[in-house]
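Right, one structure below, let's go through it.
The values are calculated or read from the model by the stated rules, or taken from the named source; none is laboratory data. None of these values were measured; they are calculated from a predicted model. Glycine gets a Cβ as well: all are built from the backbone with ideal geometry, and neighbour counts include every protein chain shown. Calculation scope for accessible area: heavy atoms of the full protein, side chains included, ligands and nucleic acids excluded. Shrake-Rupley method; radii C 1.70, N 1.55, O 1.52, S 1.80 Å.
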Amino acid sequence: MTIVLNKESLTTFDRSSAYEWIDTNGIGGWASGTGCGANTRRYHGLLVAAQSTSQRWVVLSHLLETLVVGRERFELSSDEFNSGEGRCVHPQGFQRLERFERGSAVDFDYRVGEFLVRKSILALHGENSTMLRYELLEGASACLLELRLFMAGRDIHALTRQNPDIDTFATFEQGVLRCPTYHGLPSLEVRIEQGRFVAQPDWWTNFWYRAEAERGFEAGEDLFTPGSLHLALFPNHPVFLHCHAGIDSAGRHENEEIGKVPKKRSESRSLEPLWEKEIARRERLTLAGTGVQAEEYQALLLAADQFIVRRGARRSSIIAGYPWFTDWGRDAMISIPGLCLCTQRFDEARDVLLLFKEHMRHGLLPNRFPDGDAAPEYNSVDGSLWAFEIVWQFLRESLQREVVEKQFLPMLTDIAENFTRGTDYQIRVDSDGLLCAGDSSTQLTWMDARADGVPVTPRHGKPVEINALWINALLVLARLNETFGDLQSAQRYQARANAAARAFVKSFWLEAEGHLADCLLYDRTARSWTEDVLLRPNQILALSLSMPGVGAAQPDQEAGMTSFELIPEASARRMLKLVRQELFVGLGLRTLSPSSPGYSRIYAGGPSERDRAYHQGTVWPWLLAPYLRAVARYGTPADLRSDGDVALAAIKAHLREAGVGSISEICDASDPYHPRGCPFQAWSVAAAVECFHLLGMAP
């Protein structure tokens, strides 16, 4: 259940700072940092508090940790600074690192002569709190631990510079340190079991976040420190810190009541029960994987839990990725099978679907809940279509027939009828039964990058995966209506699916190329549809969706049975072979064939350069699950074993790089497939979990 990095991986700053970790709290906040302890992103912080899944603040940035043995002082921390004289790393505590471990908690082991000190970090589920645990594992005598606090008090996307507006007045009483920040923003409260606080209010300037600089963004920050906590450290006697953000469950700030300690946090001075309770919760999560030998699957179960959050008091949601994404509809739908269904978290799957249903407008599920209190955005055509596949899988796995019949069937019917009549963003059904969406100014599919305001991969018209999803949607509606006794509606939707499927093969299949067109674009001058013949991975959905239809397997029968083939088997095998040769790289699929014009090998540079490469070759791990489903359906058993072995090896290796214990958003398109983008991505982790199940490696 643990991912371990040894000393050899940690003893240079460049290497150790490239590893990232995150520990989330189930309501949108987190603790995060790097393998060496230095923050390299504006999003890193020991306590990042969430008022909601889309409004987060960095409250406690990090700690400067010093071990005092007699009269000698040993620095355990690392920071990078940038001044007029250049960049420097100080202190260099990474040189004392013996081991980093990502398990139920995040552990750092530091060697100082005969002393071995372990620091462990844990975000508490359901509250804006982070706990730290320090333990002297080796060493015969006691020593002193000094912890200087650095506070940011800002939105996660912002940066702070020295200013007179921060409240510098901190109080320490009965083991509780209280530090306000700025008016209207969360305060910081730190509880300790024993120790003292030494007030030393000051600003430290020119912290440098190298990952921000690499992404082409401002990278410097100043941080305020109220002073240091001094704790005695005895052999085999751990000490705990409980760091809490002053914001209550209703989203109200506690700054006005800074002198009051909530009863639930003051009834006992002992902090260890809070730690043990959270560890026990996490260990229960992995019980579903106890029969699996691979520790990587156990790690993925913990990683999956990081993305499932509560939005408000009633509903669950899924954060698309940490540290900068909120909850996105498309990402949530694609992630549900791996995060919730494979892990048997059926109630959370239901609640995520109900959350997006409650915000549906004109047949469109929200594409994203923006930062702050802004209204949801609906600029997506596929998010709503993915809901059909997810509801069918949910019924098949959970057997919650009543909620599907009463809640989800009306939702899906509303989506289908709105799309048929025509809805926002020029989404409509054409005369041939295929689905059209958008115009030259919109990006409504998952390939939605824009550079300088212009779509990089124009896919308005009839994208291939959108129409595979549309036909699948009609087939799911046919099957659900049949299941719940409305045979007339079942036959009607089946007939519409049949007509659209005939048009699909006729319009998209490219016989000379041996694969499907990626998109049909309308040429207004010629008044005709032209094919985008570039080899992209979107077509794989035509081979991997459930496509149940009337007369398909009953929901409680074995998964994977289908009565409807969208593409003739010979054509499907031919197409799959091309995708394997040109796009499959182990951890995912390239977004464009290397032989195509516009192909980008590397995803790097400033925002514009990265946006231009985002879907022009860059590998996306979320595509791995639909690819292996297609191989299972149309390939040979030897194909599945071979591709599965390559995929599992890539997953296992990736868990030990970038976002340790998790799966990145994207990777470079060429060897060594360097991880890029968001280091902790929901649908990437979901795809990895699904792969273990597809390959028979999980219960």
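Here are some notes:
- The candidates Ser608, Ser120, arranged from most to least accessible area with a 1.4 Å probe in the full protein assembly, appear as Ser608, Ser120.
- Distance between region 365-428 and region 653-678 - C-alpha centres, whole angstrom: 31 Å
- Positive-end ranking of Ala437, Leu385, Cys342 along the dipole of region 318-453, with charges on Cβ about the Cα centre, is headed by Cys342.
- Only the Cβ atoms of Lys and Arg (+1) and of Asp and Glu (-1) were treated as charged; on that basis the dipole of region 405-452 about its Cα centre amounts to roughly 100 debye.
- When Glu272, Glu20, Glu8 are compared by accessible area at a 1.4 angstrom probe, the order from most to least is Glu8, Glu272, Glu20.
- Residue-by-residue Karplus 3J(HN,Hα) for region 94-111, coefficients 6.51, -1.76, 1.60, Hz, glycine and proline x: 4, 5, 9, 5, 9, 6, 10, 9, 10, x, 4, 10, 10, 10, 10, 10, 10, 9
- Over 15 Å [Cα-Cα, region 195-243], rounded percent: 65 percent
- Glu72, Glu65, Glu146, ranked by accessible area, largest first (probe 1.4 Å): Glu72, Glu146, Glu65
- Region 96-190: C-alpha gyration tensor shape, a/c 1.5 cut-off, then a/b vs b/c: prolate
- The share of C-alpha pairs in region 367-474 whose separation exceeds 25 Å stands at 28 percent.
- In a simple Cβ point-charge model (Lys, Arg +1; Asp, Glu -1; nothing else charged), the chain has a dipole of about 700 debye relative to its Cα centre.
- Look at the dipole of region 438-576 built from charges on Cβ: of Leu510, Ala572, Pro537, the Cα furthest out on the positive end belongs to Leu510.
- Charge dipole (the chain, unit charges on Cβ, about Cα centre) - positive-most of Ala304, Gln200, Ala158: Ala304
- Gain on full stretching of the segment that runs from Phe234 to His183 - 0.36 nm per residue minus C-alpha separation: 14.4 nm
- Efficiency of FRET from Cβ geometry, Gln174 and Arg73, R₀ 25 Å, rounded to 0.05: 0.30
- DSSP-loop GluC sites (Glu not before Pro) across region 97-136, with at most 10 other Cβ within 10 angstrom: Glu114
- Shape parameters for region 478-553, alpha-carbon atoms, Rg then Dmax in Å: 15.9, 48
- Accessible area (Å², 1.4 Å probe, nearest 10) - Lys406: 130 Å²
- Cα-based helix-to-principal-axis angle, 637-654 vs the chain, degrees rounded to 10: 20 degrees
- Contact order relative to length of region 559-616, as percent, for alpha carbon pairs under 8 angstrom and 6 or more apart: 20 percent
- Range of Cα positions in the chain per principal axis (Å), largest first: 81, 50, 49
- Accessible-area value, Ile22, 1.4 Å probe, nucleic acids and ligands omitted, Å²: 10 Å²
- Heavy atoms of Arg676 accessible to a 1.4 Å probe, total area in Å² rounded to 10: 60 Å²
- Based on Cα contacts under 8 Å between residues 6+ apart, the chain shows a relative contact order of 11 percent.
- Helix 624-634 and the longest principal axis of the Cα set of the chain meet at an angle near 30°.
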